[in-house]
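The values are calculated or read from the model by the stated rules, or taken from the named source; none is laboratory data. Predicted model only: the values in this text are computed from it and were never measured. Cβ placement follows ideal geometry from the backbone for every residue including glycine, while neighbour counts extend to all protein chains displayed. Protein only, heavy atoms only, side chains kept; ligands, DNA and RNA dropped before computing areas. Shrake-Rupley method; radii C 1.70, N 1.55, O 1.52, S 1.80 Å.
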Amino acid sequence: NSAKGRGKKRADGKLGMDCTLFTYLVMKEALGINTGEIKSVGQQLNMPGGKRIYVGGKIDKMMPGDICYQVAGKTGYQGHPASVNIDGHSMSKSWSHVYIYLGDHKCVECTKWSGAGVDGLHYQERFKDTYASTTMFVRRF
């Protein structure tokens, strides 16, 4: 469902941005990594580039700048199925979200078909409980 330009087609036909497009553009534009076409969360996790590290839901293993991959969890969103084998950890899961960790329990992400924004203190408690516990792998550059 890719569209021309810098957007993906939404169900209503308009262009929008989701978490995979946002992180794709960061890797491509800011880091100069050509990842090919825009991928689902699970497909993006399996593509080359950077060092992929198993963090197993532990926020203390995450570093600012990490691109973080979540399994489908408490949100009810089913995600995209994919199998991964990283650092000796093999998982066949549904991957639901990707975001960039900023440190200090904050992240930058795109959770809707609109734009990206920095989640600040109002998001801190949810980040600690839900985000960290469902984040299994990170990509570090």
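Those residues that are crowded, with 17+ Cβ neighbours inside 10 Å, at pLDDT 80 or above and not aromatic (Phe, Trp, Tyr), I need them from the range 59-72; list them, please. Correct list: 62, 66, 67, 68, 70, 71.
Looking only at residues of the range 39-58 that are part of a loop (DSSP other than H, G, I, E, B) and open to solvent by 30 Å² or more (accessible area, probe 1.4 Å), we find that the one that is modelled with the lowest pLDDT is 39. For the range 1-20, filtered to residues that are in contact with a Gly (Cβ under 7 Å, 6 or more places away or on another chain) and not in a strand (DSSP E or B), the residue that is modelled with the highest pLDDT is 17.
When restricted to residues that are closer than 14 Å to residue 140 by Cβ and out of contact with any helix residue (DSSP H, G or I) (no Cβ under 6 Å at 6 or more places or on another chain), the range 82-98 contains 2.
Every residue in the range 74-86 that is open to solvent by 40 Å² or more (accessible area, probe 1.4 Å) and either within 16 Å of residue 19 (Cβ to Cβ) or at pLDDT below 80 (or both), please. Passing the criteria: 74, 75, 76, 77, 78, 80.
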